Amino acid sequence: MEVGFLGLGIMGKAMAANLLRHGFRVTVWNRTLAKCQELVALGAAVGETPAAVVAKCRYTIAMLSDPSAALSVVFDKDGVLEQIGDGKGYVDMSTVDAATSCKISEAIKQKGGAFVEAPVSGSKKPAEDGQLVILAAGDKALYDDMVPAFDVLGKKSFFLGEIGNGAKMKLVVNMVMGSMMNALSEGLSLADNSGLSPQTLLDVLDLGAIANPMFKLKGPSMLQGSYNPAFPLKHQQKDMRLALALGDENAVSMPVAAASNEAFKKARSLGLGDLDFSAVYEVLKGASGSGQA
């Protein structure tokens, strides 16, 4: 199976590499073309533009940083729309809002192409291990065609119906994740400032009903002040913002998410945006230490 792959950031590079290792023929593109070379060493071909990749491949996957990047790759000069058409499918696995997915979908369909949104739950390690959870919606026939690729990229794929549902589900998932990270950070800070061992808190949490892989993976690194970016904090804050906007659209009160978003924004203002999203701990640690509310 031949696929195109647009976007070789932390997630995209790992995902494209997985496809190559499983025998897929992959043509890659990245805005900074030098980032393609590691994939070339694994057997990838390189397209000079998104349009060139779509022209070559029946199916093209995109994994981009935010809504503006997702729209740019489709609508700008040498973009996807210049070559998409009958018999071609476009799968956007970026985390965007439903309105962005709908705009891309309409444009692709007007050109005769098929579109699936398929954001993923999971960060760098699950991407490397093919253990993502894929939240797809849109053209069911294209989804069925892409199942072999999804089976390589993820441990489970959900088809959620009409366009926008995948984007909404991903935002809800990341909103919960961001709120949980803030709760863990506050707990570690409270334990430390109460004369308790934060590591012992992690041990206790891991044995109880709220044990979860994120606390187990992130907690020890947070205590060491190590924030190698598996999922950059600036992207987590973007997802919190988009989730809160979804709440506004549906008149859903989200005070916990709103407070968590403020902590992520504070972390970005302190220059922590490119670190892992668990670096929000530094903000909450600092607030406790300075006596702030």
Spans of helices (runs of 4 or more DSSP H) in segment 125-231 with at least 3 residues open to solvent by 70 Å² or more (accessible area, probe 1.4 Å) and outside the structural domain of residue 12 (by the TED database): 165-193, 198-206, 213-223
Residues of segment 115-124 satisfying the condition of being under 24 Å from residue 105 (Cβ atoms) and either assigned to a helix (DSSP H, G or I) or small (Gly, Ala, Ser) (or both): 118, 121, 122
Any hit, segment 169-181, residues being over 21 Å from residue 255 (Cα atoms) and within 16 Å of the chain's Cα centre (by Cα): no
Residue within segment 229-243 that is more than 21 Å from the chain's Cα centre (by Cα) and touching a residue at least 40 places away in the same chain (Cβ under 8 Å) present: no
Segment 107-122, residues that are within 14 Å of the chain's Cα centre (by Cα) and surrounded by fewer than 24 Cβ atoms within 10 Å (Cβ to Cβ): 121, 122
Extreme residue, farthest from the chain's Cα centre (by Cα), among residues of segment 77-106 that are surrounded by fewer than 21 Cβ atoms within 10 Å (Cβ to Cβ) and closer than 27 Å to residue 172 by Cβ: 106
Selection within segment 19-36 - modelled with pLDDT of 95 or more, farther than 25 Å from residue 275 by Cβ and open to solvent by 10 Å² or more (accessible area, probe 1.4 Å): 20, 21, 22, 23, 24, 25, 29
For residue 45: the one exception among (1) out of contact with any Asp or Glu (no Cβ under 8 Å at 6 or more places or on another chain); (2) among the hydrophobic types (A, V, I, L, M, F, W, C); (3) open to solvent by less than 20 Å² (accessible area, probe 1.4 Å): (3)
Residues being touching a residue at least 60 places away in the same chain (Cβ under 8 Å) and among the small types (Gly, Ala, Ser) - total across segment 100-131: 4
Hey, residue 82 more than 15 Å from residue 11 (Cα to Cα), in contact with a helix residue (DSSP H, G or I) (Cβ under 8 Å, 6 or more places away or on another chain) and without any contact (Cβ under 8 Å) to a residue 60 or more places away in the chain or not: yes
Residue count, segment 1-18 (criterion: of a type in the set (D, E, K, R) and either open to solvent by 70 Å² or more (accessible area, probe 1.4 Å) or under 17 Å from residue 94 (Cβ atoms) (or both)): 1
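The values are calculated or read from the model by the stated rules, or taken from the named source; none is laboratory data. Fair warning: this is a prediction, and the values are worked out from it, not measured in the lab. Note that each Cβ is placed from the backbone with ideal geometry, even for glycine, and that neighbours are counted across all protein chains shown. Note: accessible area is taken over every heavy atom of the protein model, side chains too, but ligands, DNA and RNA are not part of it. Shrake-Rupley method; radii C 1.70, N 1.55, O 1.52, S 1.80 Å.
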